[in-house]
């Protein structure tokens with residue numbers, strides 16, 4: 001069980017801080033909820049997660065900044081050709097699943113593939129939206145773990161992606 005002040009990651013909404021634990025009643029059932037404020041930014045939200053479902057939903061603690069930065073640095077390496085999914089439907093399904101996983105490393109891989117594809121051609125609107133969503137998820141956890149703001153975390157992400165070397169043929 002987490003406590004007020006815990007820094008956590010929600011697999012869909014990104015990183016945030018538990019600001020209170022609240023009891024709500026619906027009929028004769030009473031449940032406790034984590035009330036989570038996501039990292040301040042353009043999509044700042046207040047999310048309520050039932051405590052009894054937190055593990056099932058995939059709520060987890062924020063990773064440490066050093067480990068997250070190391071994982072992010074791996075995004076500078078272009079993916080292997082076999083790892084780039086060219087079929088639009090398969091790619092959208094795979095990336096959506098990665099983004100919903102709540103795993104920093106899986107989101108890094110999805111962002112890395114989409115960024116690499118963007119260096120070869122213009123991304124579709126769907127791919128562009130998924131890339132932006134992935135970067136926001138990464139930035140929220142990175143910002144919270146490093147004590148930085150969302151804008152600074154996005155600068156770090158863009159710098160790592162921008163240093164991607166072309167793949168050797």
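Measure out, as a whole number of angstrom, how far apart the alpha-carbon centroids of the range 106-169 and the range 60-97 sit.
9 Å
Between the helical axis of 104-120 and the dominant principal axis of the chain, each derived from Cα atoms, what acute angle in degrees is found, rounded to the nearest 10?
That helix lies at roughly 30 degrees to the long axis.
On full extension of the chain, what length is gained from residue 100 through residue 55, given 0.36 nm per residue of separation minus the C-alpha to C-alpha distance? Don't skip to the answer; put the middle values down first.
Numbers: separation 45, 0.36 × 45 = 16.20 nm, distance 1.43 nm.
Stretched fully, the residue 100-residue 55 segment lengthens by 14.8 nm.
For the range 49-133, rounded, prolate or oblate, judged on the Cα gyration tensor with a ≥ b ≥ c (square roots of eigenvalues), a/c < 1.5 rounded, else prolate if a/b > b/c? Intermediate results must be reported in sequence, preceding the final value.
Numbers: a/c = 2.54, a/b = 1.50, b/c = 1.70.
Oblate shape, in that a/c is at least 1.5 and b/c is the bigger or equal ratio.
Could you check what % of the DSSP bridge pairs in the chain are antiparallel, to the nearest 5? Provide the component values of the computation, followed by the final result.
Numbers: 21 of 21 bridges.
Counting DSSP beta bridges with both partners in the chain, the antiparallel share is about 100 percent.
Rounded if a/c is under 1.5, else prolate if a/b beats b/c, else oblate: with a ≥ b ≥ c from the C-alpha gyration tensor eigenvalues square-rooted, which is the chain?
Working: a/c = 2.60, a/b = 1.85, b/c = 1.41.
Prolate.
Taking the highest mean first, how do the peptides 61-69, 31-39 order by number of other beta carbon atoms within 10 angstrom per residue?
Values: 61-69: 15.7, 31-39: 18.8.
So the order, starting with the most tightly packed, is 31-39, 61-69.
Coordinate-derived values only; no laboratory data. Quantities reported herein were computed from a predicted structural model and do not represent experimental measurements. Virtual Cβ from ideal backbone geometry, glycine too; neighbours counted across all protein chains shown.
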